[in-house]
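For reference, the structure discussed in these notes is given below.
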Amino acid sequence: MPHHPQDPTTASGVAPQNAVAVITVDGTSGSGKSALAKELAKALSFCHLNSGLLYRMVAAEVADKIDDDLEGCLEFLRNATVEYRPDQHVVFGGQDITDLTHSPRTDRMTPAVAKIPAVREIVRGWQNKIVRDWGDSVVEGRDIGTVVFPNAQVKIYLEADIEKRAEWRHLQRQKKGIEESLENIRKALEERDRMDIERPESGLRPAPDAHILDASHRTQDEVLEEALRIVHETLKK
Ligand code: DC
């Protein structure tokens, strides 16, 4: 059941003979991981896997039932056909449920399912399969460089001050016409950080060999530029 980082068939989580390159982008909520991972993938012609979307998908499917019937839910997930499309759409049991994964309800319920070790094991299996099928990928999340792809070629850990993250998210929401106070957004991010960091299984932390990139005082273009510099430097070695 546990992940086997030493297993020679899963050197970076994928078969080494295929020489699949994996770049991991981990970090706190709202630090700009998704924007960076997307642009990095585009610049390098890699695929982009957002692991948070997989946890959101699980929450959208089973959050209601998981407290009462954990085993039944796990069985349901293990037997499900899951498709993650390169256009960032997720299909569960043949149904595109992407919209559901972004609902405020799913937002609230995802941390509770993401902390269940057996759920993480299932999602880890999906991530390995997706990257094996896709080839070179940028994978973003919380535990990608530490647990899912511990031998990834390049690991980036993106962080930013809580004030900046709250400001960015506030602006994002305003652009979408959603009114929420800066204070509420900040509190929600602090709570997210707490849940991510204190999660006993795969808690958020930088891998020892991760490059830490602070986005607080950089534009998105500057973050991308620095990340590309790190990638090129590291792959050259
Ligand atoms: O990145 P995001 O906000 O879409 O993540 C949604 C949730 O999933 C959030 O509660 C953190 C959790 N998550 C996780 O536990 N491990 C990951 N690798 C990615 C996300």
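The values are calculated or read from the model by the stated rules, or taken from the named source; none is laboratory data. Keep in mind it's a predicted model, so treat the numbers as computed, not measured. Here the Cβ is made from the backbone with ideal geometry for all residues, glycine too, and neighbour counts use every protein chain on show. For accessibility, only protein heavy atoms count, side chains too; no ligands or nucleic acids. Shrake-Rupley method; radii C 1.70, N 1.55, O 1.52, S 1.80 Å.
Could you check the range 199-237 and list, in sequence order, the residues that are part of a loop (DSSP other than H, G, I, E, B) and surrounded by 15 or more Cβ atoms within 10 Å (Cβ to Cβ)?
Across the range 199-237, the qualifying residues are 199, 202, 203, 204, 205, 206, 207, 210, 215, 218.
Considering every residue within the range 181-192, establish whether at least one is away from the ligand (no atom under 16 Å from the Cβ), not in a helix (DSSP H, G or I) and not basic (Lys, Arg).
Within the range 181-192, one or more residues are away from the ligand (no atom under 16 Å from the Cβ), not in a helix (DSSP H, G or I) and not basic (Lys, Arg).
Counting only residues that are near the ligand (Cβ under 8 Å from one of its atoms) and open to solvent by less than 30 Å² (accessible area, probe 1.4 Å), which one in the range 47-58 is nearest to residue 83 (Cα to Cα)?
Initial filter on the range 47-58 (near the ligand (Cβ under 8 Å from one of its atoms)): 50-56.
Restricting the remaining residues to those that are open to solvent by less than 30 Å² (accessible area, probe 1.4 Å) gives 51-55.
Values: 51: 13, 52: 14, 53: 11, 54: 10, 55: 13 Å.
Looking at the filtered set, the residue picked out is 54.
Would you point out which residue out of 138, 123, 147, 119 is within 16 Å of the ligand (Cβ to nearest atom), β-branched (Val, Ile, Thr) and part of a strand (DSSP E or B)? Full working, then the answer.
Details: 123 fails: part of a strand (DSSP E or B); 147 fails: part of a strand (DSSP E or B); 119 fails: part of a strand (DSSP E or B).
From the options 138, 123, 147, 119, the qualifying one is 138.
Regarding residue 113, is this residue within 13 Å of the ligand (Cβ to nearest atom) and open to solvent by less than 20 Å² (accessible area, probe 1.4 Å)?
Taking the combined requirement at face value, the residue satisfies it.
Out of the range 35-91, which residues are in contact with a strand residue (DSSP E or B) (Cβ under 9 Å, 6 or more places away or on another chain) and small (Gly, Ala, Ser)?
37, 41, 51, 52, 60, 80
Would you mind finding the one in 12, 29 that is polar (S, T, N, Q) and at pLDDT 90 or above?
Values: 12 fails: at pLDDT 90 or above.
Sole residue among the options that is polar (S, T, N, Q) and at pLDDT 90 or above: 29.
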